[in-house]
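Peer 1: Mind looking over this structure? Questions follow.
The values are calculated or read from the model by the stated rules, or taken from the named source; none is laboratory data. Values in this document were obtained by computation on a predicted structure and should not be read as measured data. Note that we place each Cβ from the backbone using ideal geometry, even for glycine, and neighbour counts take in every protein chain shown. Accessible surface areas use protein heavy atoms only, side chains included; no ligands, DNA or RNA. Shrake-Rupley method; radii C 1.70, N 1.55, O 1.52, S 1.80 Å.
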Amino acid sequence: METISAKEIDRYVFDKRYLLVDVRQPAEYRLQHIRGAVCIPYERLSERIRGLGNSIPVLYCDRGGLSMQAARELEEQGYQVISVVGGIQAYRGKQLEGNFH
């Protein structure tokens with residue numbers, strides 16, 4: 001499984017080969033998320049992964065633990081997945097959106 005640091009996220013935001021997936025709960029996503037990310041809570045990810053098409057999911061959560069676990073599980077199912085180490089808490093880029101003001 002491939003991992004990237006939070007500072008590398010911006011490379012993936014506008015790249016159509018990848019899809020940023022926030023595996024937190026919808027309320028957390030609404031408060032703050034990375035531009036272009038879709039919210040698919042961890043417990044629904046396995047059932048929704050097929051609907052992502054050919055894009056490679058780049059998973060993130062709050063601090064990186066949950067997305068790492070999800071990435072491991074998806075990889076065991078044969079998917080190519082990238083997990084963000086440190087999660088959104090470690091992200092310092094310009095692509096944040098939400099109701100966090």
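Peer 1: Check which residues have an amide H placed less than 5 Å from V81's amide H, if you skip close sequence neighbours.
Peer 2: E2
Peer 1: Skipping prolines and chain starts, which residues have an amide H placed within reach, meaning under 5 Å, of the one on R35, given they are 5 or more residues away or on another chain?
Peer 2: L96, E97
Peer 1: While we're looking at this one, here's another question. Springs between alpha-carbon pairs under 10 angstrom, Gaussian network model over the chain: which of A27, A37, A90 fluctuates most?
Peer 2: A27
Peer 1: For the chain, what's the relative contact order in percent, using C-alpha pairs closer than 8 Å and at least 6 residues apart?
Peer 2: Answer for the chain is 38 percent.
Peer 1: Treating only the Cβ atoms of Lys and Arg (+1) and Asp and Glu (-1) as charged, compute the dipole magnitude of the stretch 35-85 about its Cα centre; round to the nearest 20 debye.
Peer 2: The dipole magnitude comes to about 200 debye.
Peer 1: For n ≥ 4 DSSP H runs only, could you compute -39500 (n - 2.57) per run for the chain, divide by its residues and tell me the 222 nm figure to the nearest 500? Let's see the in-between values first.
Peer 2: Numbers: 4 runs with 29 residues, N = 101.
One gets -7500 deg cm²/dmol as the mean residue ellipticity at 222 nm.
Peer 1: Residue-wise, which Karplus ³J(HN,Hα) couplings in Hz belong to the stretch 53-58, taking 6.51 cos²θ - 1.76 cosθ + 1.60, θ = phi - 60°, and x for glycine or proline?
Peer 2: Once θ is set to phi - 60°, the couplings for the stretch 53-58 become x, 8, 6, 8, x, 10 Hz.
Peer 1: Let me ask you something else. Can you compute the charge dipole magnitude of the chain about its Cα centre, using +1 on each Lys and Arg Cβ and -1 on each Asp and Glu Cβ, nothing else charged? Give it in debye, rounded to the nearest 20.
Peer 2: The calculation lands at about 320 debye.
Peer 1: Now for a separate question. Output wanted: per-residue J couplings in Hz (rounded whole) for the stretch 31-44, from phi through Karplus 6.51 cos²θ - 1.76 cosθ + 1.60, θ = phi - 60°, x for Gly and Pro.
Peer 2: Computed from phi, the couplings for the stretch 31-44 are 5, 6, 8, 8, 3, x, 6, 9, 9, 10, x, 3, 5, 10 Hz.
Peer 1: Can I ask one more? With θ taken as phi - 60° and the coefficients 6.51, -1.76 and 1.60, list the Karplus ³J(HN,Hα) couplings across the stretch 6-11 in order, rounded to whole Hz; mark glycine and proline as x.
Peer 2: Running phi through 6.51 cos²θ - 1.76 cosθ + 1.60 with θ = phi - 60° gives 4, 5, 8, 4, 4, 4 Hz.
Peer 1: Per residue, what accessible area does the chain have, given a 1.4 Å probe and all protein chains present, in Å²?
Peer 2: I get 57 Å² per residue for this part.
Peer 1: Calculate the spin-label point distance for E73 paired with K16, positioning each point 7 Å from the Cα along the beta-carbon direction, and give it in nanometres.
Peer 2: 3.1
Peer 1: Near the amide H of L20, under 5 Å away, which other amide H atoms are found, from residues 5 or more places off or on another chain, if H is placed in the peptide plane?
Peer 2: V38, V58
Peer 1: Separate question: Counting only DSSP beta bridges with both residues in the chain, tell me the antiparallel percent, nearest 5.
Peer 2: Roughly 15 percent of the beta bridges in the chain run antiparallel, per DSSP.
Peer 1: Classify the stretch 1-75 as rounded, prolate or oblate from the Cα gyration tensor: take a ≥ b ≥ c as the square roots of its eigenvalues, call it rounded if a/c is under 1.5, otherwise prolate when a/b beats b/c and oblate if not. Show your work: numbers first, answer last.
Peer 2: Working: a/c = 1.19, a/b = 1.03, b/c = 1.15.
Taking the square roots of the gyration eigenvalues as a ≥ b ≥ c, the stretch 1-75 is rounded.
Peer 1: Using +1 at the C-beta of Lys and Arg and -1 at the C-beta of Asp and Glu, which of L45, G98, S55 has the Cα lying farthest in the positive direction of the dipole of the chain?
Peer 2: G98
Peer 1: If I compute solvent accessible area with a 1.4 Å probe over the protein chains, what percent of it on the chain is carbon and sulfur?
Peer 2: Heavy-atom surface of the chain belonging to carbon and sulfur, 1.4 Å probe: 47 percent.
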